[in-house]
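Below you'll find the structure, written out as structure tokens, and then a few comments.
The values are calculated or read from the model by the stated rules, or taken from the named source; none is laboratory data. All of these numbers come straight from a predicted model, not from anything done at the bench. Cβ placement follows ideal geometry from the backbone for every residue including glycine, while neighbour counts extend to all protein chains displayed.
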Amino acid sequence: MSFRKFLAFFLIMVMVGCILVVLFNLQPAENQPVSGGASPTARSAAQICQQVVCPTCPAPAVQAAVVPAPALDARPIPAPPDPQATATIYFPFIFSHFSRAYELQSGTPAYMPDFAHDYAGCNWLSVGGQVFNQGDPETYVVQVTGTLSGVNIDLMGMTGTAQHFGPNGYEIPLANLPIASNGTLAIQVFDLQGQAVSDLIPFNTAAECSANVVLINFVPRQ
């Protein structure tokens, strides 16, 4: 017998043996009930092939794994700022700044000795002047805020109460002696409704008796 014939015979015998094994396993054992009343042929070829290696047996089914989808982030995305709202906040500030009725008169602040309080002599420090306007004088509130020699200052005066400075004059005493300061005090004019009619203007004071009155005048804005 040639080698080719022997190999063919061997393969045929293997296939016949495999078929016999499959048929043998399909037969139910004697006196052995089949679970669930199912027919012996209900056993799938895949179950048999778990025990017998056979090239003709179908491959076992592969169950695909189910991968859950990632959860979506439900947080809302913030909307960009509204440029119109920004402009609504910005432009009123610009408008109110340039619409204030009064500004500092050129040449002031100026410094002079006290001329209206003979009893005080050098024991005096104040700021005074006028708020000039067209027509009849109007009454305004003049406020000085800040610090002087480490002491908090928040003082007010009314126009028309210091006639020695003019018809619409004001004066606000600051201390009972001349004290030097550099930009720690500021002055501003308000109307009787509490609305600012001038910018907040810083000013200095001097420690000399010849400069213990600070003259600051306000004029209509040009």
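Below, the figures for the structure above:
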read-out: Complete set of residues in region 163-180 that are under 13 Å from Gly129 (Cα atoms) and assigned to a strand (DSSP E or B); value: Gly169, Tyr170, Glu171, Ile172, Pro173
read-out: Index of the failed condition, Tyr111 passing every other in (1) surrounded by fewer than 18 Cβ atoms within 10 Å (Cβ to Cβ); (2) touching a Gly at 6+ places or on another chain (Cβ under 8 Å); (3) hydroxyl-bearing (Ser, Thr, Tyr); value: (2)
read-out: Options Gln188, Gln195, Gln163: the member that is surrounded by fewer than 12 Cβ atoms within 10 Å (Cβ to Cβ) and under 22 Å from Arg100 (Cβ atoms); value: Gln195
read-out: Region 176-194 residues that are modelled with pLDDT of 95 or more, paired with ones that are loosely packed, with under 14 Cβ neighbours inside 10 Å and β-branched (Val, Ile, Thr) (beta carbon under 6 Å, 6 or more apart); value: Thr184/Thr147
read-out: Flag if Asn152 is farther than 19 Å from Val219 by Cβ and surrounded by fewer than 18 Cβ atoms within 10 Å (Cβ to Cβ); value: yes
read-out: Top-ranked residue in region 121-146 [being hydrophobic (A, V, I, L, M, F, W, C) and not in a strand (DSSP E or B); ranked as farthest from the chain's Cα centre (by Cα)]; value: Cys122
read-out: Any hit, region 185-203, residues being in contact with a helix residue (DSSP H, G or I) (Cβ under 7 Å, 6 or more places away or on another chain), assigned by TED's automatic domain parsing to the domain that holds His117 and not hydroxyl-bearing (Ser, Thr, Tyr); value: no
read-out: Residue identified as modelled with pLDDT under 95 and closer than 23 Å to His117 by Cβ among Asn217, Asn168, Asn212, Asn204; value: Asn168
read-out: Residue tally, condition within 18 Å of Val189 (Cβ to Cβ) and either not assigned by TED's automatic domain parsing to the domain that holds Ser126 or not in a loop (DSSP other than H, G, I, E, B) (or both), over region 147-162; value: 6
read-out: Single residue of Phe203, Phe165 found to be hydrophobic (A, V, I, L, M, F, W, C), more than 38 Å from the chain's Cα centre (by Cα) and within 17 Å of Gln105 (Cβ to Cβ); value: Phe165
